[in-house]
Amino acid sequence: QVRLVESGGGMRQPGDSLTLSCTASGRTFANYALGWFRQSPGKEREFVASIRWGGGSIYYADSVKGRFTISRDDAKDVVYLQMNNLGPEDTAVYYCAADATADNWKDYRPYYWGQGTQVTVSS
């Protein structure tokens, strides 16, 4: 059974940084893309970033490009999201996801999902 467990969420002030982690288990994730979506109250879940197995292809939403960095440790099946210069607009539940079919998730819904971790940015 595939399991994705996020950690690292919390409260930050505008301009702060925060790193999220997601540990995948339950199968081998070789050739799986891993990544992140987020959902704010009253809004649809939106793509944040995704990374291909091996890190050869990386994709970001325009809203986070230049501020967020996605990376993964394939030996540990962990994906990270380093978030810098956070703003109130980044407040959301952040969901980890995994998929074997596609690695660009800008217009795609991955198959496996975690339970989410809350990130709140407020002064």
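The values are calculated or read from the model by the stated rules, or taken from the named source; none is laboratory data. None of these values were measured; they are calculated from a predicted model. Reconstructed Cβ throughout: ideal geometry from the backbone, glycine too, with neighbour counts over all protein chains shown. Note: areas computed on protein heavy atoms with side chains; ligands, DNA, RNA excluded. Shrake-Rupley method; radii C 1.70, N 1.55, O 1.52, S 1.80 Å.
Beyond 23 Å, the tail of the calculated P(r) for the chain holds 22 percent of the Cα pairs. Per residue, the chain exposes 52 Å² of accessible surface when a 1.4 Å probe is rolled over the protein heavy atoms with every protein chain present.
Considering only protein heavy atoms and a probe of 1.4 Å, how much of the accessible area of the chain is carbon and sulfur, as a whole percent? Write out the running numbers ahead of the final one.
Details: 2790 of 6350 Å².
Carbon plus sulfur share of accessible area: 44 percent.
By per-residue mean of other Cβ atoms within 10 Å, what is the highest-first order of 15-26, 43-54?
Descending mean neighbour count gives 43-54, 15-26.
One chain, two ends: residue 1 and residue 46. Fully extended at 0.36 nm per residue, the span grows by 13.7 nm beyond their Cα-Cα distance. With all pairs of separate Cα atoms included, the stretch 7-46 yields a Kirkwood hydrodynamic radius of 13.1 Å. A straight Cα-to-Cα reach below 18 Å connects residue 65 with the lysines 106, residues fewer than 8 places away in its own chain not being considered.
Label positions at residue 85 and residue 123, each projected 7 Å from the Cα along the C-beta direction, are separated by 1.7 nm.
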